[in-house]
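Every number here is computed from the coordinates shown, using simple stated rules; none is lab data. These figures come from a predicted structure and were not determined experimentally. Cβ sites come from the backbone with ideal geometry, for glycine too, and all protein chains shown count toward neighbours.
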Amino acid sequence: MQFLGRRKKLIGNFQNDLYDQCLQFYGQPPLENISLTEFETFAVERLKLLKTVENVGVSCGKSSEQYTKKLDAEISSLNFPHRGGISEYEKRRKDHISHFILRLAYCQTEDLRRWFIQQEMDLFRYRFNCLHSKHKTDFLHKNNLKYETVSAEEKKNLKDKLIASSYGLSGTKVEEHDVYKVPFQDALDLVRTRKVYLLAGNAYIPHHEIVTIVLNDFRTRLSKALAMTARSLPAVQSDERLQPLLSHLSHAYVGQDYSIQKNIGKISLEQIDALSGKSFPLCMRHLHKALRENHHLRHGGRMQYGLFLKGIGLTLEQALQFWRSEFVKGKVDADKFDKAYAYSVRHMFGKEGKRTDYTPYSCMKVILSNPPSQGDYHGCPFRHSDPELLKQKLQNYKVSPSGINQILELVKGMHYQLACQKYFELTHNVEDAGFSLNHPNQYFTESQKLLNGGRDIKKEVDMSQRSQENPASLWSLKMELDRQGISAK
Amino acid sequence: IETYYDPACLPDLLPIYYRRLFPFSQYYRWLRYGGVSKNYFQNREFSFTLKYDIYVRYQSFTTQNELEKEMPKMVPYKIDIGAVYSHRPSQHNVVKSGTFQALEKELVFDIDMTDYDDVRRCCSAADICSKCWTLMTIAIRILDRALREDFGFHHLLWVYSGRRGVHCWVCDDAARKLSVAARAAVAEYLSLVKGGEETVRKVVLSDPIHPFINHSLSVVERYFQQYAIVDQDILGSKESVDKVLALLPEDILSFPVSNSRKGGQYFDKEIMLQYCYPRLDVNVSKGVNHLLKSPFSVHPKTGRISVPIDLKELNTLILLSLICEELERPRADEAEEDDMKDQENEQEAGERRRIRDYKRTSLAKYVKVFDRFLEAMARSRKGEMLKKSDLQKDF
């Protein structure tokens, strides 16, 4: 405490009051200047945190021990405020600033807003529940959340009714802890499910449920704030320094981008058919099948599949041969191919036009941009296919009925990447994929790793030997990060 | 109380109804809500179903007078009330796109007898009789209590729908301002019977039993014996007994009843609720812009008027034709006297005629129920204003 006190004197501006609490409502935007580097780093790190919140929330129950452990670990490793420890000033500042930056990136569409609000709410709920009871009350006071408490006498009169209405409420709990009285309109989640006692238009909320009310408040405020942010966005986007950063963030993929292929030339064209069944994610398997059957793919499909093939190691010459041989079987003759389509293949490899070396699409990009229409085969089958058709396809690929159900459940919950991960687990016969799916090429690499088990273990032994020789070498550190799929740019 | 009704008589009877019986001044008084909000009546949407099933939306009126003149002219076969919008509904096309919004509306509930077809034996579809009307009584008692005691609403107007059910209009300020989410939450809180054709066991109870369910059960228990066992005779045939048995836990014969399935110990309560508990359509209650049949509107298929229900008397129905017939009889005597007075003042005469006319019919007592409802709201508004002016220290 003394440490913080001294800091207060040193810095002494009103911002410090904002940061004297571990958790905040993000009511006021930050007012300081920061560097562009900090701007980007903060944003990317918060995005990683939110993605972890999403993944962990679906794979473990939100109140399970595993959830707590994993989320704790991620919060610590990314340097976000954690359970009110000491020297948290920098972390809280980062928490504050990064939240507001992501608002800019995620306010633009309904889908983005919904995702952002959901993850921020889950994160907030987790952090609020970690607070001590006293700190919870402090938080309510500090943020002017004036929830009226019920008098001891009223509590006594209503005790039986309260116990019969609220889950996990005992007589002692009613006596010892506060019960709050809020207008029923502020407790809709509890009213809808009839998990609360109502009298004369008020909902009687036991202390341990107050988080639901606070969350409601949080959601309402954030929703309004995002709507307002969206309106002032054009002004922000006109800043040339910020515009590329922000648009990159909302489609952000925070891992390896597979722009540097490690296995160039290691795949032969004859292997592709077999590989498509074994190691391709469903979207690419689908595209490959459509290409083989129709001897054609439209632009969206050519881009998504073509870049993927580049990512798994095809050379430009191989790619040209691959596409030409297929298209020629269809309505396109060799000449037309060379004139029209070859150009776009070379374009993909950075040999034409701007000479940008295009990177293979991440899952986020496939899911969020360019939805397929009639006659298209690109996109994410978990996102873009009708569930009935998806089910049929999975049945054709011999996925078990219970597996199909698990996948469909995940799709219903809009967890498309987790559905694909489940598809991985089912087709490779493993319980846990062992990685967090973010990129089709990652799917391929992981699949190959699993299927060619032996070779990779040897590689790992080599690596650990190397790092023992040079424990602190940047090279070995980078290898470690690469293995975890986190880019250390 | 059934009399022969022929829909073909509507074109003749409806104009009379609108000219001489429809209680315009009470209707206007209701929808104006004391004039506290500017343009509240003017921005209200009405929709009319005209002859030949022509449906027109976004009707709105500026004054009571306009309403009184237009209705007998347009002769709507059906009248629905919608939301209070941000602008006059009749001008919704000229308003800047996106700014025409539904702002407020009463919280409404629709209980339809056809939703109970799987559990009533006396009638089906649109038929109702004294035996199944009890279901409406039960529904009204349960919902009225919950809306008042649990949700704190005070101004509830229960209305017979004209054919096969009842509507509830919750008119409190707070109710009219509720969001879609809040309306849905209230409707879900009040829902206990869930599932469609493929669900056999539609009520599932488990510990702890919420006080709301206990209150509802005590109402159902009051009526169950007479309604289900006697009137509906649910144990009177093999078919209906089988239906009841289908709701019992499989191991009922082993004593004591085990908790092998969720809440297995409450099967008796579940059965009673499945047969009697009110069945709501959440979608009717959810939407702020949802259009619902207006009180005092005629139901073209039955000729009956949607009259307010006095909660002290839940058992009578009325026919439009009946009213008009009653009307014809006294006419001849007073005709001369009326005509002389009418020379003096056209409007006053119309007003006087109308007041006299409905008072001569059984419509009178329903308008009285409506009046009492309006009085209560007016008193409450006055109370609010006094409170406000006290706070502002106006004298």
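In this label model, B:Asn93 and B:Ser179 are separated by 3.4 nm, measuring between points 7 Å along each Cα→Cβ vector.
If you take each beta carbon of peptide B:52-62 and count the beta carbons of other chains within 10 angstrom, what is the mean?
Working: counts 0, 0, 0, 0, 0, 0, 0, 0, 0, 0, 0.
That average works out to 0.
Residues whose amide H falls under 5 Å from that of B:Gly165, counting only those 5 or more places apart or on a different chain, are B:Met113, with hydrogens built in the peptide plane. Peptide A:194-204 has a mean of 5 when you count, residue by residue, the C-beta atoms of other protein chains within 10 Å of its C-beta. Applying both filters, DSSP loop and at most 13 other Cβ atoms within 10 Å, to the trypsin sites (Lys or Arg not before Pro) of segment A:265-301 gives A:Lys266.
Between A:Ser151 and B:Cys9, take the C-beta separation as r, use R0 = 60 Å, and let me know the FRET efficiency to the nearest 0.05. Could you put the intermediate results ahead of the total?
On the way: r = 63 Å, r/R0 = 1.05.
Approximately 0.45, to the nearest 0.05.
On a C-alpha basis, how far is the centre of segment B:42-92 from the centre of segment A:405-440 in Å? Whole number, if you could? Cα centroid to Cα centroid, the span is 55 Å. Just name one of A:Ser151, A:Tyr204, A:Val179: the one whose Cα is farthest towards the positive end of the charge dipole of segment A:141-210 (beta-carbon charges, Lys/Arg +1, Asp/Glu -1). Among A:Ser151, A:Tyr204, A:Val179, the one farthest towards the positive end of the dipole of segment A:141-210 is A:Tyr204. Only Cα pairs under 8 Å and 6+ residues apart enter the sum, and on that basis the relative contact order of segment A:141-210 stands at 33 percent. Available extension along the chain between A:Lys62 and A:Arg292 is 78.4 nm, counting 0.36 nm per residue and deducting the alpha carbon span. Using Cα pairs closer than 8 Å and at least 6 residues apart in sequence, work out the relative contact order for segment A:330-436, in percent. Computed over segment A:330-436, the figure is 13 percent. When a/c reaches 1.5 or more, the comparison of a/b and b/c decides; with that in mind, is segment A:378-437 rounded, prolate or oblate per its Cα gyration tensor? Since a/c reaches 1.5 but b/c is at least a/b, the shape of segment A:378-437 is classed as oblate. The loop-placed GluC sites (Glu not before Pro) in segment B:176-207, going by DSSP, that have at most 10 neighbouring Cβ atoms within 10 Å of their Cβ come out as B:Glu197, B:Glu198. Residues whose amide H falls under 5 Å from that of A:Ile205, counting only those 5 or more places apart or on a different chain, are A:Tyr180, A:Lys181, A:Val182, with hydrogens built in the peptide plane.
Hey, got the average number of other protein chain Cβ atoms within 10 angstrom for residues in B:186-193? Please report the intermediate quantities before stating the final value.
Numbers: counts 6, 1, 5, 10, 1, 2, 1, 0.
For peptide B:186-193, the averaged partner shielding equals 3.
Looking at segment A:344-426, the trypsin sites (Lys or Arg not before Pro) that sit in a DSSP loop and have at most 16 other Cβ atoms within 10 Å of their own Cβ are A:Lys351, A:Lys354, A:Arg355, A:Lys398. For segment B:145-199, the square roots of the Cα gyration tensor eigenvalues, ordered a ≥ b ≥ c, give a/c of at least 1.5 with a/b no greater than b/c, which places it in the oblate category.
Length available on full extension from A:Lys331 to A:Asp138: 0.36 nm per residue minus the Cα-Cα distance, which gives 62.3 nm. Here segment B:99-121 and segment A:158-183 have alpha carbon centers that stand 33 Å from each other. Computing FRET efficiency as 1/(1 + (r/R0)^6) for B:Thr49 and A:Ser238, where r is the C-beta to C-beta distance and R0 is 51 Å, gives about 0.45.
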